[in-house]
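One structure below.
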Amino acid sequence: MAAYLYGAVICYLITVASGQVCSFPPNWRDTWLISGFQSILEYQVTSNTITSKGTCQASGGDNRYLLLSQSSDSNDGQTNCYRCLVFTVRHVNLLQFKEAIVCDPPNTDGDFLDSLCGRIHNSNILNTLIRKHSVPVPCPKALHSDLDFSYDRGDGTCTSEDSKIKKCASEKSFHIQMGDCGSYGYSGEEAEVQCLADWKSSLGYWLFVKYGESDYRCMYYDITAKTMGMSTDASCIGISIIYNAPLFIEWQESPTSVQTVEPCSYDTFFTQREWSDLEASSIYRYDLSTNELVVDKLVSGVVTYTETVQRLTCFQKIYTGVEHKQQFVAQVLNKCERGYQCLSFKRKSDTVIELVMGALTSSSANACSARKMSSSLSQKRILVDVNADPVACPLPGIYSVQQQSHACSLTVEMGCSNPSEIELKECDMIKSTMQCLASWSEGNTNKIIISKKNHPKKSNCYSYKINEPNTVLQLDEGCNNQAPNILGSQLYYPPFKLHSVVEQCKNGLTVKSSDKNYQSQTSSDKNTGNRLQQNMVYLLVSAVTLTLITTRLP
């Protein structure tokens, strides 16, 4: 107990003498990874503690910190170990530090922080901390290219033609493949490399990466000499002399062999806008600098960021003979995989496109074959213009809702307070507001894109048919004509039913949809549409189930 009090008093005196409150910078307070013995260790940095290092007692200039850790000894006494940690901030995702340690020092008077930190020399081990949940950064341009290379693990230089670095769709990744060299005992390996931190020191250029699914590597490279040293663990030790690194790489640019056809370009209706899928998880945009269709995907987790997952260059335009439908063969970079893919664009309205992407193939000749475009191999996406303004909802009226075991009345008001809005009310109080983004017809089926007003980027597709005398509005996820549920909300209600009564909007709004329809219609379909706009306020709503879709329209 006395030893503990002695340590506490000394810590207090050191803190007071320093005249500073000892705490780590706010952007350091996170979970970090460090290379341990045959494993990766986690360090937690809080406002004043670091895992296994201790509690901060004092700090000085140049990111110097004095930490104390206490432990019991075999005689039930207390051991006080002091550490000086000197940090160097290399990147927002990466810290490096050296340390000196002394346990139960005989004297901690005076400039103990300076004295202990003075024991740190160039020979001390340089430790590297990488932020566990790092947001990837762009890779150096020199390495985000197609390269051939030779490598040496210490027993000789492997010149296998299979050793290549290939760029990926994302500028934050590249793919590395090392060929077999049995004569030197080198086995081949390949990995996707994700860049997490880069910096320049007095020695040269450095890069820290995630290597494959769970490994980490440090790289030191010379752009002029086209050489690189790579570690075999998550440390940056022993690679600054490139030729003596555990893995030495010397690269050169790969010869390009690009198959060419007549000039090809996508429709300007598509390339002059940005598009989002209904889940708001992917953005489709056209990069004018590279003439590529780029697909950016939202990566969600502890940290959220956007990453490019596809780049598609127009390779060949295919005549379809169908109005408002275009088809292309594209050269594709799908993450780190290359090939050809068929793209089919079909305009649904002024602000909606249906995109069907066929299976990836190694040959352009069969990219748009029936098999590659079959429903089992292709992917269909409904894309909405990210800057689309709401449009008038095509079903104006007040829909009374009946719910069992609920004393309060529920109503759905569509296009009443605002022509483009849908309000779900409980006891005349608004509980949820949605808005119509687009509408169109497909045969005798009508489609509406609806989003939550407070989450306009996320939306869903609904469909309805005009079957005299009833109209049924149903959730049609992905606009695939598979509608299991009716329009829902974010309220926690058990299933309830709509009354077969429709009232006219109390403010007498007259609604006309301004969204053009690009689907071919028969004369009977057009008459149906006319009857919809003229008489919709008098239509009856059939008894259908209103279900909770919290996850669909958050």
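The values are calculated or read from the model by the stated rules, or taken from the named source; none is laboratory data. None of these values were measured; they are calculated from a predicted model. Reconstructed Cβ throughout: ideal geometry from the backbone, glycine too, with neighbour counts over all protein chains shown. Quick note on the areas: whole protein, heavy atoms, side chains included, nothing else; ligands and nucleic acids left out. Shrake-Rupley method; radii C 1.70, N 1.55, O 1.52, S 1.80 Å.
For the listed residue pairs K132/K200; K346/K453; K348/K452; K166/K372; K53/K167, the alpha carbons are over 32 angstrom apart in K53/K167.
Please label the shape of the stretch 249-364 as rounded, prolate or oblate, based on the square roots a ≥ b ≥ c of the eigenvalues of the alpha-carbon gyration tensor (a/c under 1.5 means rounded; beyond that, a/b larger than b/c means prolate, else oblate). In terms of gyration-tensor shape, oblate. Backbone geometry of the stretch 132-143 corresponds, through the Karplus equation with coefficients 6.51, -1.76 and 1.60 at θ = phi - 60°, to 3J(HN,Hα) couplings of 4, 10, 6, 7, x, 10, x, 6, x, 4, 4, 9 Hz, x marking Gly and Pro.
For the stretch 315-429, what does the alpha-carbon gyration tensor say about shape, rounded, prolate or oblate, given a ≥ b ≥ c as the root eigenvalues, a/c under 1.5 as rounded, and a/b over b/c as prolate?
Here the stretch 315-429 falls in the prolate category.
Measuring with a 1.4 angstrom probe and ignoring ligands and nucleic acids, K335 comes out at about 120 Å² accessible. For Q57, the residues whose modelled amide H falls within less than 5 Å of its own, excluding neighbours fewer than 5 places apart on the same chain, are L66, L67, L68.
Would you tally the net charge around Y184, using a Cβ to Cβ cut-off of less than 9 Å, leaving Y184 out, and scoring K and R as +1, D and E as -1?
-1
Summed over the residues of the stretch 30-147 and divided among them, the accessible surface reaches 48 Å² per residue at a probe radius of 1.4 Å. Positive contributions from Lys and Arg (+1) and negative ones from Asp and Glu (-1), summed over other residues with Cβ under 14 Å from the Cβ of C168, come out at +2. To put it simply, the accessible area of the stretch 166-222 at a 1.4 Å probe is 38 percent carbon and sulfur.
Given contacts defined as C-alpha pairs under 8 Å and at least six residues apart, what's the relative contact order of the stretch 31-110, whole-number percent?
17 percent
In whole percent, and with a 1.4 Å probe on the protein chains, what portion of the accessible area of the stretch 101-153 is carbon and sulfur? Of the solvent-accessible surface of the stretch 101-153, carbon and sulfur hold 49 percent. Peptides 374-383, 358-367, 387-396, ordered by how many other C-beta atoms sit within 10 Å of their residues on average, highest first, read 387-396, 358-367, 374-383. Charged neighbours of S69, selected by a Cβ distance under 10 Å, balance to +2 (K, R count +1; D, E count -1). Which of rounded, prolate or oblate describes the stretch 28-159 when judged by the alpha-carbon gyration tensor and an a/c cut-off of 1.5? It comes out prolate by the Cα gyration axes.
Accessible area per residue for the stretch 159-261 is 51 Å², calculated with a 1.4 Å probe on protein heavy atoms, without ligands, DNA or RNA.
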